[in-house]
Structure formats: C-alpha cells, structure tokens
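Q: For reference, the structure I am asking about is given below.
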Amino acid sequence: MKKTLLLATLVATTVTFAPVTTAADNISLRICEYVAANDKNRLRSYLKQNKLKVRKIFKTVECNGKNLLVFSASNKALETGEFLIGKVPSKEVAKHITEIGKYSKHLEEEAKDRVN
C-alpha cells in the first residue's frame, strides 16, 4: 500500500513539474534555425505550412536577442536575408539598416534599395 501511494505521489509531482514548451517557442526556434542555415525554401514552406506571414511575426520573433534581419546578416545568410528584406515593411527595414550594415554590406545595399 505504501509503495503504491509513494509511486502515485512521485508520478503526480513529475507531471506537475514537467517543463512546458509552447507552440510559439517551437515555431520561433524553427524559424531561427532556417535563417541561420540560410535555407530560404524551407523557411518559406514552414511559414506557409503554419499559415504565418513574415510581416506578422517580425516584431515578436528574436534569434539570439536580434531581430530576423540582423540575425540573418550576422550569420551571412544572404538568400534568407534578401527574402526577409522583401517581406518586412520598408519602415522596419529602414530602422535596422545600420545594424545590418555591421554584418553584411550586401544585405545593407539590398535594404537601402528596398527603402528607396
């Protein structure tokens, strides 16, 4: 009887203190992985599969404390960076041109072309 009660208590505390991961965390993790790997096609298909738009998620998703544009520039993800620059509103791109330029001159030029 004591063993059964002890086992039930142990199982209940394990379930209670199990770490909870949300779908939003998993989505942002996948997006960051695809940007870091410079895999534009997988990023596009993942966004489409989850019915997400870059414009909607840009302000909320951060990778290593950086927004998606700066993160792509810091990882030299040129294809993905160009894709994101084309999808993010031009006002947001204009705000981050100097940060992008610290990591990638190519993406800085693409951003300037997008803004002008």
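Since every read-out is calculated from the coordinates, none of them should be taken as a lab result. All values reported here derive from a predicted model rather than from experimental measurement. Quick reminder, even Gly has a Cβ in these numbers, built from the backbone with ideal geometry, and neighbours come from all protein chains shown.
Q: Scan segment 31-83 for residues that are among the basic types (Lys, Arg) and within 14 Å of GLU99 (Cβ to Cβ) and jot them down. Write out each step before concluding.
A: Narrowing segment 31-83 to residues among the basic types (Lys, Arg): 40, 42, 44, 48, 51, 53, 55-56, 59, 66, 76.
Of everything in segment 31-83, just one residue is among the basic types (Lys, Arg) and within 14 Å of GLU99 (Cβ to Cβ), namely LYS66.
Q: May I pose another question? If a residue counts only when it is aliphatic (A, V, I, L, M), which helices (runs of 4 or more DSSP H) contained entirely in segment 47-116 have at least 3 such residues?
A: So the answer is 68-74, 78-87, 105-115.
Q: Enumerate the pairs (first residue in segment 62-90 and farther than 17 Å from ARG30 by Cβ; second residue anywhere and hydroxyl-bearing (Ser, Thr, Tyr)) with beta-carbon separation below 6 Å, excluding pairs fewer than 6 apart on the same chain, so at least 6 apart or on different chains.
A: ALA73/TYR103; ALA73/SER104; SER74/TYR103; GLY81/SER72
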